[in-house]
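Shown next, in structure tokens, is the structure this report addresses.
Any read-out appearing in this document is the output of simple, stated calculations on the displayed coordinates, not a laboratory observation. Predicted model only: the values in this text are computed from it and were never measured. Please note: Cβ atoms are built from the backbone with ideal geometry, for glycine as well, and neighbour counts cover all protein chains shown.
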Amino acid sequence: MIKIALPKGRLGQKILSLFGVNNISRKLIFNLPDFNISCLWVKPFDVPVYVELGTADAGIVGSDVLMERDCDVYELLSMNAGKCRISVAAPDNFSDDADNVLKVATELPKIASDYFASLGRMVDIIPLRGSTELAAITGLAHVIVDIVETGETLRANNLREIAKITDISGKVIVNKSAYKFKRSEIDTFIRKVHEIIYPL
Ligand code: PRP
């Protein structure tokens, strides 16, 4: 069996349900014999670490994570699952003042810094670990840079998207040496993922 790192959370749950698994226990390692894989259930930002260091042969992760942290792995497949976008959002009544340093709360500090640097906008990045919407509501930050899928979380918190930074989607990443030595198992896994994500 090859080892696959799967991201805990929305994308991982979606992938598992496409694999036909709807109930996951608190176990962090479990086998999917139909796919000939053993799954490591890890935090999304840790997926590239497990794959690059070879503890997992391959992994599935959002492209936001790959943009945010450097990792030396092969990216072999972009998936239809996990499609969403990274956007700048602000309270409904926000109006930008270019003379002020913009306070930006985010779980994606590199993507946010690169984006505002490309605009030549001075910002203070406030790194957070989640629920960044709260930062914009409470005034901790002027705006947030966050993932938007349905837009429901923004609407529920009276926030609006003011700019899209980029589209993102799920990716299959593979450890470089595993791709040399376990090529046929990995190719079989990727073919199966491909069949599921792009049903004929
Ligand atoms: C993500 C993201 C937004 C929300 C967007 O959070 O950070 O908060 O989903 O989805 P929507 O547009 O469909 O409402 P997640 O639920 O992963 O939790 P987090 O805030 O802890 O990152």
Completion exercise
Going residue by residue through the stretch 54-59, the Karplus relation 6.51 cos²θ - 1.76 cosθ + 1.60 with θ = phi - 60° gives ³J(HN,Hα) values, rounded to whole Hz and with x marking Gly or Pro, of x, 5, 10, 6, 8, x
Fill in the blank from the handout: Taking N as the number of residues in the chain, the ratio of its alpha carbon radius of gyration to 2.2 N^0.38 Å works out to 1.13
Exercise for the section: Calculate the dipole size of the chain relative to its Cα centre from +1 charges on Lys and Arg beta carbons and -1 charges on Asp and Glu beta carbons; express the result in debye to the nearest 20. Expected result: 800
Handout entry: Spin-label proximity, THR55 to the stretch 1-23 - amide N less than 16 Å from point 7 Å beyond Cα toward beta carbon
Key = 3-8
Exercise for the section: State the extension gain, in nm to one decimal, for the chain segment bounded by LYS43 and GLU161, taking 0.36 nm per residue of separation less the distance between their alpha-carbons. Expected result: 39.8 nm
Handout entry: Length gained when the stretch ILE24-GLU195 is fully extended (0.36 nm per residue, less Cα-Cα span)
Key = 59.3 nm
Completion exercise
Residues meeting the amide H criterion for VAL42 (H placed from the backbone, H to H distance under 5 Å, 5 or more places apart or on another chain) are LEU6, LYS8
Completion exercise
Distance in Å, no decimals, from the C-alpha centre of the stretch 125-150 to the one of the stretch 76-100 is 10
Practice task
Using the charge dipole of the chain (Lys, Arg: +1 at Cβ; Asp, Glu: -1 at Cβ; taken about the Cα centre), state which of ASN158, VAL174, VAL123 has its Cα farthest towards the positive end.
Solution key: VAL174
Practice task
Give me the net charge of LEU102's neighbourhood, meaning all other residues with Cβ under 14 Å from the Cβ of LEU102; Lys, Arg count +1, Asp, Glu -1.
Solution key: -2
Completion exercise
For the stretch 175-189, Karplus-derived ³J(HN,Hα) couplings (6.51, -1.76, 1.60; θ = phi - 60°; whole Hz; x for glycine and proline) come out as 5, 5, 7, 4, 5, 7, 8, 10, 3, 6, 5, 5, 4, 4, 4
Exercise for the section: Calculate for the chain the 222 nm mean residue ellipticity that helices alone would give, adding -39,500 (n - 2.57) per DSSP H run of length 4 or more and normalising by residue count, nearest 500 deg cm²/dmol. Expected result: -8500 deg cm²/dmol
Fill in the blank from the handout: Taking 0.36 nm per residue of separation between ASP92 and ASP114 and subtracting their Cα-Cα distance, the length gained on full extension comes to 5.5 nm
Completion exercise
For the stretch 85-93, Karplus-derived ³J(HN,Hα) couplings (6.51, -1.76, 1.60; θ = phi - 60°; whole Hz; x for glycine and proline) come out as 9, 9, 9, 9, 9, 8, x, 3, 8
Exercise for the section: Please work out the Kirkwood hydrodynamic radius for the stretch 84-167, using every pair of different C-alpha atoms, and report it in angstroms with one decimal place. Expected result: 12.5
